[in-house]
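The values are calculated or read from the model by the stated rules, or taken from the named source; none is laboratory data. Remember, predicted model here, so these are calculated numbers, not experimental data. Every residue, glycine as well, gets a Cβ built from its backbone with ideal geometry; the counts of neighbours run over all protein chains shown.
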Amino acid sequence: MEAKAYLRYARISPRKVQIVLDLIRNQSADKAMAILQHTPKAASELLVKLLKSAIANAENNHNMDKNNLYVAECFVCPGPIMKRIRPRAQGRAFRVLKRSSHITLVLKEKE
């Protein structure tokens, strides 16, 4: 049995999210929450909310015990990229890529 939570179209680069996800992979839900709350990264705030959602899904939809949950899988996929133009010297234009992410978090119960 597993509980999932998704965050689609998050306006943050996938690389920034991946760094934080590597910290919480295979950790217990409580420890993962503690790690996220004390990590000074922009992605941490989004992932705290996502982890709370996954825990709530596990408890309410799958009748799992909150104390036995751990982060079984967590990954990020690139979402659509917004392309913007930044004016530069001598009439030139540089392209700015505003990346987005699709984040997936899967919790499982320890046997």
message: Regarding segment 47-60, can at least one residue be identified that is touching a Leu at 6+ places or on another chain (Cβ under 7 Å) and surrounded by fewer than 18 Cβ atoms within 10 Å (Cβ to Cβ)?
response: yes
message: Looking at segment 41-66, I want the residues that are under 14 Å from Ser101 (Cβ atoms) and have a partner that is aromatic (Phe, Trp, Tyr) and at pLDDT 95 or above with Cβ atoms under 9 Å, at least 6 apart or on another chain. Which pairs are those?
response: Leu50/Tyr6
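Every residue in segment 48-69 that is farther than 14 Å from Lys4 by Cβ and either modelled with pLDDT of 95 or more or in contact with a strand residue (DSSP E or B) (Cβ under 6 Å, 6 or more places away or on another chain) (or both), please.
Step one: filter segment 48-69 for residues farther than 14 Å from Lys4 by Cβ, giving 48-49, 63, 65-68.
Selection gives Val48, Lys49, Asn68.
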field: Identity of the residue in segment 3-40, in contact with an Asp or Glu (Cβ under 9 Å, 6 or more places away or on another chain) and surrounded by 15 or more Cβ atoms within 10 Å (Cβ to Cβ), that ends up farthest from Ser100 (Cα to Cα)
entry: Ala3
